[in-house]
Every structure is written in C-alpha cells, then in structure tokens.
Amino acid sequence: MGIELEQSNNSPSSIQKRRIIMDYVDLGFKCGIEIHQRLNTRKLFCECFFDPGKGETPLGAMRKITRRLRPVVGELGKVDPAAAFEALRKRKFTYLIDEDAVCAIEADEEPPHQLNVEALKTALVFSRMLSSRILDDVFVMRKTVIDGSAVSGFQRTALVAVNGTLSTSKGIIRIPTIAIEEESSGILEKKGDETVYRLDRQGIPLLEVATGPTLKDGAHAMEAAELIGQMLRSTGKVQRGLGSIRQDLNVSISQGARVEIKGVQELRLIPELIENEVQRQIGLLKIRSELQSRHMLLGEEHFGLHDLTRLFGNTSCKLIQGALARKESVFAIKLPSFLGLFKTQLMPSHSLGAEIAGYVGAASPAKGIIHSDEGLKEKYGFGEGEIAAIRKSLHMQETDLFILCIGSEDTCKAALQAAFERCMLLQKGVPEETRRAEGAISIFMRPLPGSARMYPETDLGPITISKEMVEDAEKSRPEPTEAKKEKYLKWGLNLQLAEKMVRSPNWDLFEKLVVASKAPPQLIAVTLLESLVSIKREGFATTELSEKTLALVFTFYSDSKITKAAIPELMKLLCKYPTKSIPEFVAQNGLSKLSSKELIALISNLEGTKEKKFAEIMRAHRLRVEAQELQKLLEGN
Amino acid sequence: MYSREIERLLNAGKILDGDSVEVQQGNSSYGGILLPRTGEVPEDVLTLKLDNGYNIGLKFVPGLKITKRGSPAKLAGIPRLKIVKSSLPSIALIISGGTIGTHIDYRTGGVFMSRDAEELLSTVPELQQVVNIKTLQTLFQTASEDFSVENWQKMAQEIAKAASEPENRGVIVTHGTDVMHYTSAAMAFMLQNLAKPIAIVGAQRSPDRGSFDGTLNLICGAYYASLSDVAEVAVVMHGSSSDEFCYAHRGTKVRKMHTTRRDAFRSINDRPLAKIYPDGKIEPLNPVFNKRPSEPQKTSADTSFEKRIAMLKIYPNANPEILDFLVDRGYRGVVLEATALGHVPTGESGTNSGFFDPKMSWLPSVRNAVDKGVFVAVASQALYGRTSSTVYRNLRLLRDAGGVALEDMLPETAYVKLGWVLAHSKSAEETKKLMLSNLRGEINPRLTGDEFLQ
C-alpha cells in the first residue's frame, strides 16, 4: 500500500487519514512501554523522605555544590557511547540541596545504606500481582549516567522479578522485567555549559515495569499503561502528584530502528505520540530514498565550515545584530543536493529542519539553526544581497542547501558538526536514539545507550529473597478491583461513584477517611471525586488539604457541627489557611451549624407561612442549616 | 566453592566462569554470562550477568539445567594510556596504592588493588595535559590502612631520588586516604634538604564512577608539584564538596576529618599552604613555608625510625596500667592523646567528688616511664588549639612527672615525629629538645583563630 507523506497538513482529519493508510502489521511495528512509578516510602538507600506535599523550599535557601562528571570505562573496555557523547559537552553540574530531603548519600559523600525494606516488599508484592518470577538473589547494580542527573555518575538499580504477564483487551502481554531503582535528581535549568539540578528527589524509590515489544498499536499501549498504573496505585505505596509516574515508549518499524521516547506526560497522548513516531520513521526512510534518487553521497569530505561573519556588517537581521554586538560569529556549512529536504514534515509542526535543530541543541549550547529552506527574508530579516553573498561564499549550486549557526566559534563548530553528522546519517535511514516527549511529538535527546552500562554496586552485597518473603508477598497482594468495587457498593456508594472511586488515585485516601470519620461514605466519595475537583478548578490550592484536615472536616460534619453545604466552603477556606484550627475557623466564619433550639427560636421570631419562613431562613443561613431538619421542625410546629 | 549439585552440573557441561550460558530453572529460562562465585551469595546460588546487563542470583533447584551458548563476549582489559613526552613541566609520579589506584572487575563488582601506573593514567588522561610525567614508578599497591614503617622508608628513599633528579620540578605520590596524614608527616621528617614540592594525593570515591574525585586531586597535585614554590610535603585534596578547587595542606598539619567526604582532609591549627584551581591558578594562603631554593639542592632520605612507640588516648576511667604495660614491654616512646589542654587523670585537680581512686592517677606511671627512659609526649584529642603545661595545677604536675606537652601538634604527627626523633637522638634531653623544635612546620607559634574548623 502506498505511503503518502503529507508535507504540511497537520489537521486531525489528515491524521485520521494517515491512520487509515498505515497498517502497523505491514510496517513491522513494534512497541513496548516502560513505566517508572515513585513509591511513597523513605528513599531507597538512605533515611531521607521526600514529601511532595511540602511547600517548595525557595531556591535561594538551598545550599549548593558543583561537580564535573567524567566518562568511565564500561565493562567491555570501552567508554559507553552515550557517556562519551555527554562528555563532549564538558558541562558543569550544580546541585541544590534541601536539607529536609537530602543527606550526604544523595551528595555522593557517603556510601549507600541497605536497600529500603518497605520498597523491596512493595516490589515483591507487585511482582506477584503480575504473576512474575521473583529472583532468588537480587543484586544492586550501577547504571552509568553522566548527564548529571545522577550525582555519582551512576543510578542504582536492581532487577527483582522476570516473566510476568498482564491481561489486556488485545490479549495477554508479557512483562519481562520488574526492577527497583532510585530516582534521579530533577533538572531545574540549563544555562549554556551549566546545568542545575535539585537533589531532593534523588533517591526516591522507583518501581520500573517494562512490557515486551508486543504492544499492537497506540491504543493498546495506552491501555497497558492505564492497567499497570491502576495496579501500581492499588498497592497503596505509590506517591501521588506531578511527576510521580513516568511512561517511556519504545517504538520501531521494520525498516526503521528502535527509538525510545521518554517522559510521556499524559496517557491520552500515547496513541498520537506513537503514530507521530511511526510517521517520523517513515519520513526518514523516504528521505533516504530521495537522497539516493538524487545520487547524493554525503561524506566527510563535503564538510566545509565557513566563517561568514563579515557578510553581515549591515544586516537588518536582529538575531545577527545582537550576536555581532556580543562579538559572536556566523558560521555556515553547505549540504549539496539537499534543497527542499529540510521542509519535509516528519511530524505535525516538525520539519526535518526542526529535527536537525534538536541534534544541534543536544550537542552544543546553540539555541538553533537557520537554513535555506526557511523563509530567510520573512522569518529572519535577511536581505536579498546577504543571501546571495552566502550562496556565493559557499559556492552553492541551485540544488544545494545551507545551514547557518550564530554564536561563539566553538559553539558554531560543535553545532554545525552535529548537524552535518546527522545529515550524513539520513543516508542510512533511522538511527537508534532516545527522544524526549513534548506533547504529541518528540525531540532528540541523546544516542541510545549501549549495553555496556551496568556493573555491580560494590558498596552493597546481594539480597537473598527467601521462600518466606515470596509467600508473604503473595499473601499481601492488594484487593483486586472488582472486590474493591463490591466493598464500596456495600458501603452505600452508587454504581457510578463506586466505579469512579475504584479507578481514582485517591481510593486509599477515601478508605482512610471512611474509617477515620463517621461521615457517610457516599458523602466522602462525592466530596473527593466532585467537590474537590470543582474547588480546584476555581483556583483553590487543594493540595494544602492533608488527610488529617479532611478527616477533621468530615468528623465535624458527622458530629453535627457543620452542615453538608458548609463542607465545600470550609475546604475553600482551609486551602487558603491550611494551618488554622478548624473549630476556630468554623466559629469565626459563621459556618457552625445552628442547633434545633436556635432554629426553633428563629422560626418563632419570623412572621408568615411555613414556606416563607423556610425560604427566609435558608436565604439568611444557607450554610448553617440542613434543609431537611428545618422542614421537619416547621412541620412539627 | 559451589554446592555439590552445582559443581556436578558445571563439570558435566564443561562450563567455566565467563562462558555464555542458558540456565533453565523451573519454567523460566535465563541467558547471560556465568560470573565467578564470590563469597557473598550462598553456595547453592549461581550468579549470572543477564543479556540486559543485570546481575542476578539463581538458586539450585532439582531439574536446573545449564547449557553453553555460543562464545562469550571477550571482556577487554582495562585500557592503558602510554606516557607521552611533552614540553610541559616535568614531575615524577609514584604510585603507592589506595582507592585512587583501584579498578573494578565490572562483571562481579570485586574491587582490586592490582593496577599499574599506565592503568591509572587511563582514568586521568588530563594529567598529561598538565605535566610531563618524566618518571613513573609503582612502589606498592597497598591499601593504606596496612601501611607500616617500612613502606614509609622505601617511599622516602624513592621520593628523595626522584626529587634529586634535576629535571623533575616536583613529585606526586598517590596514596590511600586512610593514613595519608601519617605518611605526609613521615615524609616531611624523613626527607632532608627538601627543595621541591611533594604532593600526596588520593581519592575518596573509586575511579570506576563518573564522580571520581581523584581527577581533580591529581591535577591540582600536579600543579602543586610543578608550579608552586613551596618546598614542602603537602596533602592535596578537595577543598570542598564541589569539584572547584583543592587545598595543599602542610603534611605535618593535616588530618582526615571525615570518613567519606571529598573534603575530608583539613589543615588543623594552620592555614592550608595554598588553594589550587584546576586551571593551574595557585593562591598562596600561608605566609609561612619553606621556599623552593634558587640553587639546585640534593634531597636525601634519613629514614631511621623507632618502631617501639605507641599512642594512648586518655578518657574517664582510663587506667594508667596500660602505660605500665607498654613500658614493661620495652616501648621507647608514648604519645598521650590527652584531654583538652593536655590533661590526664591525677586526682589532684583541687576539686574532688570523692569518687576518684588514687590508683587511677597517671602521675606515678608517667614518672615511672620517664625514669625508665621512655619519652612521654602530650598532645590533645581536641586536635584544635594549643596544649599547656602550666595553666592548671595538674598540668604542672604532669610536666613535673616528665610529660612533655607538644604545643599545638596533632597527636598523629606527634607520633610520627617521635618515631623519627627517637631514632636520631642519644639522650632524653635531646629528644625533648628535638620534639619541641619546629622542624617541619608541625608547630604553629601563632594561632589566629581563623584556622578553627575550616
């Protein structure tokens, strides 16, 4: 079946059209996902605890250390290629230390403590939930990482179980590995040669679950991600909130290559992401054939770096004006026979030009490139004469393309070298690489790391998993979803609420609140699933409401100290002032429920019909009166 | 040793460590490389490096099968870097061991000390962009906690030889961090007519990791040895937890003050000699130092050392019979790591709760030791600050009993100095005189206060 590559149309209907055209089976489509879920236990190798609910420590209040990481020899006697790539950048890494959540171990100043037992137990339980084979001895390994996100230059990881299975609507899929590893530090900013990380999240235990490359399509991948996510949440040991779970995709087509897409933010984007990646690979293959048909064999000998700074003395291009003022330069290279190729749309709003810019950005401090397939006059303010001069200096033919870089000489050299190398690779097809998800498309991040990346953690010994530990894990498996739903129905939740609550990340909060306060479960469920959501939408900071606070609110209700209607109002106030004492607050803000005595007094002080009195009292004291109670008192009168 | 069942299986299949194998255990199959057995796992467990890189342990169960599977990946040796001559300043590099000179067996995770200099150089290729390594020598590959006097003696001789080589601007010695400060003091006393900087350098993290701190230490040590005009033995290590700069600490005034931090080494009762940056900038910090002479000078090693010496820590309930024991065993010198200003229990401090047992006074034992010709030196376990033999009554009593308070000298430095001095003096008076003379900057007559806890 013919493969049509739409050059510029990114509308949903064209995506739909592409969906119909592409048959994943014919393409030899392979896809797997890898999920990293943070646990809510202490950190994996030290006694620190990262509290995501804690307010942000101001950056200025944090101590900092700076480090430079170097590539080291992998097991096979050579430096890991990804590591070598990073080393090229010779970057300086700054780490911010929040003493509430960081100790000497995160700073690589103390050897790791023994693996967190609670985290290990959670991994064992989850392994049994997927019917996987737990290993007899677990070894903590060091996985080389030198992009700075691991302070020691490696991430500690341990394989716990293998050969699990998961039932999906499209059949049973394999879960080859379940591992437990430490979270890396969080990137704060990247300024040229310096990258700043925060250490507070380094060391948080991550449960890593990987499927085999057998997912059938984007929807299947999304389903698998959802199922695994739900199962993880059902352990009750997972952290909640932004960044607590990460999904990475692996996609390939037979003529293409395995590409890893890291950091998928929203599950609903998975089908589109996968599709766009397939598109991108098909696009690259098309470019390869196009290059072949142009009889262009791009080799090292075609690389010619030209300093064109002198051509822009009188330029009206603001970008270059600024650069010249900073004593920077303009360098260029020519790509023979490449005319028009950079315009190729590989993904929606992502041309080959944008794609090459991704490699440039990863290999140098350059913020981007300018190329001749763009509207140089319209987009950048180049003059006709300047463009001609560029073409002349580069001895360009009609069918050639040029790439410009603006910056220091070193930056331009590194940038254009990277661009040229990537263009040479276009002749080979699709390179294996790691990309970063950005919405529904992805940007190049780094070459796919080689396998020479892991070696044993020499500071810790292996952990023997006894038969008892495995049996324990089997017995500790959490309640399956169906049983939970039955339980909620028994508690009085209607079917819709019960189904929603079972899938909600707050199911365990719900169960704890039911136990802690004596409020009706149905009310608690509605509050959590609906009222809190609308309060959040109104702009209130619902993350300020702790479990303790919510329990108190519901207890207040069940003690008849506030009415049902007052609950959302009280919560709004508590979002603003989370540390206020609830009894005080209720009294000060006129939220305390009126007693029957007070109601009777009110009734007797009013004139008119029962309906009139009802309306009057409800109008004046809406939040302090339960309509039913008032009605009953009025009847009784 | 593996369990019998596993031995049998491996022998039957002629399977050796390092072979690429397929292991069938129950319903699961595992492909990888068979790793050598370490004592860390039970003897009925096989260790495998899976194809995905993870190491795992598999217990023997009835029906376990192991089969060879193609030829294993050839594990290349540790890369080596040859020395390339350059026109940069020349130095001599002497290897004595330590974490800085270790390598890891990437398969098993075992840490080995068996590295030679060319392997070490491959982890710090930058070193040859800083100095020209004129001579390179592997003296020993010892974990420094096992160091003894003979190590010092051999080392001093080699350093003297290397330092006397006219083309060498200085010498770098790689060393384990555990006893680095003892070695730096030993070298300071043993080396005579030292005319060049000697940098003693180590690492707190292992070279297998990206965060290896030895790189910066070696580079700064190289700058110290080649560019500075301080003709002293110095420990050159990180000056902070960041990879920003190192300090060159005077070898007789430095101590390891943290088990694992990069900046564990601190100058005590002295400012560091210099602050050294990775770009070669050297900021002198201490106006008192032995300057590199303008005329060439031959450095020699005088390594005689009295080994029958000991250090004793003083604490509540410390029993002086320990000192008697040492004296009876023929020890010739003892450094008391006394409390605060240099106190030992005497029972004579003037205020007594009535609980002090007079037999626990150290005065008679000190007197006895001194009478028998044993030198009793007094330093402080507070480390910072100066000792005194006059400020309190019982300090004077200790002095009168023959104990000699050593100003602000570190206990460890005092121990090393005592060993060297005893081998070079013929009388107790001479020993006392030498111990109280400032031979190598081990005594700082001026404590300004800004050196405290830096």
Consider the range B:159-184. How many of its residues are under 12 Å from residue B:198 (Cα atoms), part of a helix (DSSP H, G or I) and of a type outside the set (S, T, N, Q)?
4
Residue within the range A:479-494 that is surrounded by 19 or more Cβ atoms within 10 Å (Cβ to Cβ), out of contact with any strand residue (DSSP E or B) (no Cβ under 7 Å at 6 or more places or on another chain) and of a type in the set (A, V, I, L, M) present
yes
So, in the range B:248-286, of the ones that are farther than 18 Å from residue B:224 by Cα and of a type in the set (Val, Ile, Thr), which residue ends up farthest from the other protein chains (Cβ to nearest Cβ)?
B:268
Only one of A:392, A:413, A:343, A:379 is surrounded by fewer than 18 Cβ atoms within 10 Å (Cβ to Cβ), of a type in the set (D, E, K, R) and under 31 Å from the mean Cα position of the chain (by Cα). Can you tell me which?
A:343
Please tell me if residue B:111 is touching a helix residue (DSSP H, G or I) at 6+ places or on another chain (Cβ under 7 Å) and not aromatic (Phe, Trp, Tyr).
no
Mind checking which residues of the range B:173-182 are away from every other protein chain (no Cβ under 14 Å) and within 24 Å of residue A:151 (Cα to Cα)?
B:176, B:178
For the range B:183-206, give me each residue that is within 14 Å of chain A (Cβ to nearest Cβ), surrounded by fewer than 24 Cβ atoms within 10 Å (Cβ to Cβ) and not charged (D, E, K, R).
B:206
In the set A:194, A:183, A:189, A:208, which member is modelled with pLDDT under 90 and either surrounded by 20 or more Cβ atoms within 10 Å (Cβ to Cβ) or within 14 Å of chain B (Cβ to nearest Cβ) (or both)?
A:194
Which one is nearest to the other protein chains (Cβ to nearest Cβ), of the residues in the range B:44-74 that are among the charged types (D, E, K, R) and surrounded by 14 or more Cβ atoms within 10 Å (Cβ to Cβ)?
B:59
Look at residue A:604 and say whether it is in contact with a Pro (Cβ under 9 Å, 6 or more places away or on another chain), assigned to a helix (DSSP H, G or I) and of a type in the set (Gly, Ala, Ser).
no
Which is away from every other protein chain (no Cβ under 11 Å) and within 21 Å of residue B:53 (Cβ to Cβ), of A:124, A:115, A:130, A:135?
A:115
Give the residue, chosen from B:245, B:289, that is within 14 Å of another protein chain (Cβ to nearest Cβ), surrounded by 14 or more Cβ atoms within 10 Å (Cβ to Cβ) and modelled with pLDDT of 95 or more.
B:245
Checked against (1) more than 27 Å from residue B:286 (Cα to Cα); (2) at pLDDT 95 or above, residue B:392 satisfies every condition except (2)
I'm checking my understanding of the structure. Among residues of the range B:94-120 that are modelled with pLDDT under 75 and among the hydroxyl-bearing types (Ser, Thr, Tyr), which one is nearest to the chain's Cα centre (by Cα)?
B:114
Going through A:554, A:614 one at a time, which residue ends up being in contact (Cβ under 8 Å) with a residue 24 or more places away in the chain, at negative phi, touching a Leu at 6+ places or on another chain (Cβ under 7 Å) and assigned to a helix (DSSP H, G or I)?
A:554
Are any of the residues in the range A:79-92 more than 30 Å from residue A:469 (Cα to Cα), within 14 Å of another protein chain (Cβ to nearest Cβ) and at pLDDT 80 or above?
yes
Out of A:142, A:156, A:174, which single residue is within 13 Å of another protein chain (Cβ to nearest Cβ), surrounded by fewer than 21 Cβ atoms within 10 Å (Cβ to Cβ) and of a type in the set (D, E, K, R)?
A:174
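Residue-wise test of (1) closer than 30 Å to residue A:544 by Cα; (2) at pLDDT 85 or above; (3) out of contact with any Cys (no Cβ under 8 Å at 6 or more places or on another chain).
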{"site": "A:582", "(1), (2), (3)": "yes, yes, yes"}
{"site": "A:589", "(1), (2), (3)": "yes, no, yes"}
{"site": "A:593", "(1), (2), (3)": "yes, yes, yes"}
{"site": "A:599", "(1), (2), (3)": "no, yes, yes"}
{"site": "A:603", "(1), (2), (3)": "no, yes, yes"}
{"site": "A:612", "(1), (2), (3)": "no, yes, yes"}
{"site": "A:617", "(1), (2), (3)": "no, yes, yes"}
{"site": "A:624", "(1), (2), (3)": "yes, yes, yes"}
Would you check if there is a residue in the range A:518-539 being farther than 20 Å from residue A:629 by Cβ, in contact (Cβ under 8 Å) with a residue 60 or more places away in the chain, within 26 Å of the chain's Cα centre (by Cα) and assigned to a helix (DSSP H, G or I)?
no
Only one of these conditions is not met by residue B:404: (1) modelled with pLDDT under 95; (2) in contact with a Phe, Trp or Tyr (Cβ under 8 Å, 6 or more places away or on another chain); (3) of a type in the set (Val, Ile, Thr). Which number is it?
(1)
Filtering the range B:399-454 down to residues that are part of a loop (DSSP other than H, G, I, E, B) and among the charged types (D, E, K, R), which residue is surrounded by the most Cβ atoms within 10 Å (Cβ to Cβ)?
B:442
Regarding the range A:379-392, can at least one residue be identified that is under 24 Å from residue A:358 (Cα atoms) and touching a Ser or Thr at 6+ places or on another chain (Cβ under 6 Å)?
yes
Return the residue satisfying two criteria in turn: it lies in the range B:207-229 and is more than 10 Å from every other protein chain (Cβ to nearest Cβ) and among the hydrophobic types (A, V, I, L, M, F, W, C), and of such residues it is nearest to the chain's Cα centre (by Cα).
B:218
Can you pull out every residue in the range A:93-102 that is part of a loop (DSSP other than H, G, I, E, B), more than 22 Å from the chain's Cα centre (by Cα) and surrounded by fewer than 23 Cβ atoms within 10 Å (Cβ to Cβ)?
A:98, A:99, A:100
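The values are calculated or read from the model by the stated rules, or taken from the named source; none is laboratory data. Keep in mind that this is a model prediction, so the values were computed, not measured. Don't worry about glycine lacking a Cβ; one is built from the backbone with ideal geometry, like all the others, and counts go over all protein chains shown.
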